[in-house]
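Below is one structure, written out as structure tokens; comments come after it.
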Amino acid sequence: MYITIKLPYGESFLKTKIPTKNLVSILSMKSIKGLVNEREAIINCLRSPIGGSSLHDCVSKNDKVVVLVTDNTRPCPDNRLLPLILAELEEKVSRENITIIVAVGLHPPLDEQQLIKKLGNDIIKRYNVVNHDVNQCVHIGMTSRDTPVDINKTVVEADFRISTGFIEPHWFAGFSGGRKSIAPGVFSVRSAYKNHSYKMLDHPNSVAGIINGNIVHEDLVEQARMANLNFIVNVILNKNKEITHIFTGDPIEAHEKGCEISKDIVEVKVDHKVDITITSNNGAPLDLDLYQTTKGINTASKITRDGGIVIIASSCSTGKGPEDFIDLHASVNSPKEVLQKIRREEPIGLQWQNQILARDQLKHDIYLVSNLEDNIVKSMMMTPIRTIEEGLEKAIKVLGTDAEIAVIPEGPLVVPVLEN
């Protein structure tokens, strides 16, 4: 007997059959309906925000305004949020005084077609839209943890800063959204190396689903405060990428409220760890490359026993990701050596991604279904497979016919909580 499971994969799904005698759990976020009238809800939230005045009342006629938006690795519906945000702003501020900055952080800049897909052609034609450039930052101070706060010059020089965002679990900052548009969205490389350092990520609370006591999150909040982020427009999305909740206003208070609601949606209790966990990177846009795919792997690792196997489906439609990420793993022979090299040589490459991946690989073998060439997958210390069924057959040969299986269809959008 088998049960058929659908896993998000690129813009579509993969279907796979799981033996019912081995399947012990399917972990999925709660099913929440999208807003009935999305436009009306957004406008109401802009006019009645959390912890402050309406967006209209926050700005003055001659203000220079920066609007920070997410990049193409997040499904934040900026093309639906921006027109309403800009309409509210333009009741007081002239269009010439508004700059839209794509908060790419250390990710590659978006080209024109990517910008159009993300924001809409009308926005690109009518507004000054630019990508964040890590080389155009100014130093504004240090956090209490001695992180240098280097922020995009245009952001620093603005009179008012508003950001969009998508609240979802983040594998070491607790949840995304809120302060994320400032840090890491528009900060510098050296800011990243300090905030994402080996020690910061090694802290027991630097994990998905936790913000209280999460030192990475707390350091990012300090940076956002220092950069004077004034107002946020953050959303929660359901499995169909429909908006279910909107949080606007004070960047700290509104974000914390959003994280509280998100936590209730995404946390799933689990009795015990299993031998094999099957998952995805939740499809497009998050599974665009191998670099991002490490997030789904990390989620699955939380409920996979030591010596167990993680099987993940991720299209990697744009390829392997940054060369630095690939080069660091390929330069050594084992996950242990990856961690040793980071500790010995940091700051190095995009070490935070390699660190968490290597930490998971110390405990589990990783089998990957993707569009990548086998040699690339192997250089990252993973096993390439063509189908989930192939991976499952291999895993059962290694772990036995009684191996217990769990499935996490939405990968990094779920936070497994072990009860024992």
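The values are calculated or read from the model by the stated rules, or taken from the named source; none is laboratory data. This one's a predicted model, so the numbers in the text were calculated from it and none came from an experiment. Reconstructed Cβ throughout: ideal geometry from the backbone, glycine too, with neighbour counts over all protein chains shown. Just so you know, the surface numbers come from the protein's heavy atoms only, side chains and all, with ligands and any DNA or RNA stripped out. Shrake-Rupley method; radii C 1.70, N 1.55, O 1.52, S 1.80 Å.
For residues that are in a loop (DSSP other than H, G, I, E, B) and surrounded by fewer than 20 Cβ atoms within 10 Å (Cβ to Cβ), scanning just the stretch 211-229, find the one that is farthest from the chain's Cα centre (by Cα).
Looking only at the stretch 211-229, we keep the residues that are in a loop (DSSP other than H, G, I, E, B), and these are 211-214, 227-229.
Filter once more, so that each one left must be surrounded by fewer than 20 Cβ atoms within 10 Å (Cβ to Cβ): 212-213, 228.
Details: ASN212: 19, GLY213: 20, ASN228: 23 Å.
Among those that are in a loop (DSSP other than H, G, I, E, B) and surrounded by fewer than 20 Cβ atoms within 10 Å (Cβ to Cβ), it is ASN228.
Going residue by residue through the stretch 339-346, is there one that turns out to be within 25 Å of LEU7 (Cβ to Cβ), at pLDDT 95 or above and out of contact with any Lys or Arg (no Cβ under 8 Å at 6 or more places or on another chain)? Step through it out loud before you land on a result.
Filtering the stretch 339-346 for residues within 25 Å of LEU7 (Cβ to Cβ) gives none.
Within the stretch 339-346 (the criterion being within 25 Å of LEU7 (Cβ to Cβ), at pLDDT 95 or above and out of contact with any Lys or Arg (no Cβ under 8 Å at 6 or more places or on another chain)), the answer is no, since none of the residues qualifies.
If I filter the stretch 1-42 down to residues being acidic (Asp, Glu) and not in a loop (DSSP other than H, G, I, E, B), which single residue comes out as least open to solvent (accessible area, probe 1.4 Å)? Steps first, answer last, please.
Restricting attention to the stretch 1-42, the residues satisfying the condition of being acidic (Asp, Glu) are 11, 38, 40.
When the remaining residues are screened for being not in a loop (DSSP other than H, G, I, E, B), the result is 38, 40.
Details: GLU38: 49, GLU40: 101 Å².
In this case the residue turns out to be GLU38.
Looking only at the stretch 82-106, which residues are under 19 Å from the mean Cα position of the chain (by Cα) and open to solvent by less than 50 Å² (accessible area, probe 1.4 Å)? So that I can check it myself, show each step before the final result.
Going through the stretch 82-106, the residues under 19 Å from the mean Cα position of the chain (by Cα) turn out to be 101-106.
Across the stretch 82-106, the qualifying residues are ILE101, VAL102, ALA103, VAL104, GLY105.
Here's a check for you: in the stretch 350-386, which residue that is among the polar types (S, T, N, Q), open to solvent by 10 Å² or more (accessible area, probe 1.4 Å) and under 22 Å from the mean Cα position of the chain (by Cα) is nearest to ASN281 (Cα to Cα)?
So in the stretch 350-386, the residues among the polar types (S, T, N, Q) come out as 351, 353-355, 361, 370-371, 375, 379, 383.
From the residues that got through so far, the ones that are open to solvent by 10 Å² or more (accessible area, probe 1.4 Å) too are 361, 370-371, 375, 379, 383.
If we keep only those that are under 22 Å from the mean Cα position of the chain (by Cα) as well, we get 361, 370-371.
On the way: GLN361: 17, SER370: 11, ASN371: 14 Å.
Per the criteria, the residue is SER370.
Taking strands (runs of 3 or more DSSP E) that fall entirely within the stretch 130-193, which contain at least 2 residues that are of a type in the set (S, T, N, Q) and crowded, with 18+ Cβ neighbours inside 10 Å?
Values: elements: 137-142, 148-152, 160-166.
By residue number, 160-166.
Could you tell me whether ILE116 is closer than 30 Å to PRO416 by Cα and of a type in the set (Val, Ile, Thr)?
Working: closer than 30 Å to PRO416 by Cα: no; of a type in the set (Val, Ile, Thr): yes.
Answer is no for this residue.
Matching residues to (1) surrounded by fewer than 19 Cβ atoms within 10 Å (Cβ to Cβ); (2) of a type outside the set (Val, Ile, Thr); (3) outside any helix (DSSP H, G or I); (4) modelled with pLDDT under 95:
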{"residue": "VAL235", "(1), (2), (3), (4)": "no, no, yes, no"}
{"residue": "SER262", "(1), (2), (3), (4)": "no, yes, no, no"}
{"residue": "HIS272", "(1), (2), (3), (4)": "yes, yes, yes, no"}
{"residue": "PRO285", "(1), (2), (3), (4)": "no, yes, yes, yes"}
{"residue": "CYS316", "(1), (2), (3), (4)": "no, yes, yes, no"}
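Any chance the stretch 393-407 includes a residue that's in contact with a Ser or Thr (Cβ under 6 Å, 6 or more places away or on another chain), buried (at least 22 other Cβ atoms within 10 Å of the Cβ) and not in a strand (DSSP E or B)? Let's see the steps before the verdict.
Restricting attention to the stretch 393-407, the residues satisfying the condition of being in contact with a Ser or Thr (Cβ under 6 Å, 6 or more places away or on another chain) are 406.
The next check asks that each one be buried (at least 22 other Cβ atoms within 10 Å of the Cβ); those that pass are 406.
Pick out the ones that are also not in a strand (DSSP E or B) and you get none.
Looking through the stretch 393-407, none of the residues is in contact with a Ser or Thr (Cβ under 6 Å, 6 or more places away or on another chain), buried (at least 22 other Cβ atoms within 10 Å of the Cβ) and not in a strand (DSSP E or B).
Within the stretch 287-306, how many residues turn out to be touching a strand residue (DSSP E or B) at 6+ places or on another chain (Cβ under 8 Å) and not in a helix (DSSP H, G or I)?
Filtering the stretch 287-306 for residues touching a strand residue (DSSP E or B) at 6+ places or on another chain (Cβ under 8 Å) gives 287, 289-290, 293, 296-297, 299-305.
Filter once more, keeping what is not in a helix (DSSP H, G or I): 287, 289, 302-305.
Residues flagged as touching a strand residue (DSSP E or B) at 6+ places or on another chain (Cβ under 8 Å) and not in a helix (DSSP H, G or I) within the stretch 287-306 amount to 6.
Which residues, counting only those in the stretch 323-343, are open to solvent by 20 Å² or more (accessible area, probe 1.4 Å) and in contact with a Ser or Thr (Cβ under 8 Å, 6 or more places away or on another chain)?
Let us first name the residues in the stretch 323-343 that are open to solvent by 20 Å² or more (accessible area, probe 1.4 Å), namely 323-324, 327, 330-337, 340-341, 343.
Within the stretch 323-343, ALA330, LYS341 meet the criteria.
Considering only residues of the stretch 43-78 that are part of a helix (DSSP H, G or I) and surrounded by 23 or more Cβ atoms within 10 Å (Cβ to Cβ), which is nearest to the chain's Cα centre (by Cα)? So that I can check it myself, show each step before the final result.
Step one: list which residues in the stretch 43-78 are part of a helix (DSSP H, G or I), which gives 43-47, 55-58, 78.
Those still in the list that are surrounded by 23 or more Cβ atoms within 10 Å (Cβ to Cβ) too: 46, 55, 78.
Numbers: LEU46: 24, LEU55: 26, ASP78: 16 Å.
Only one residue fits best here, namely ASP78.
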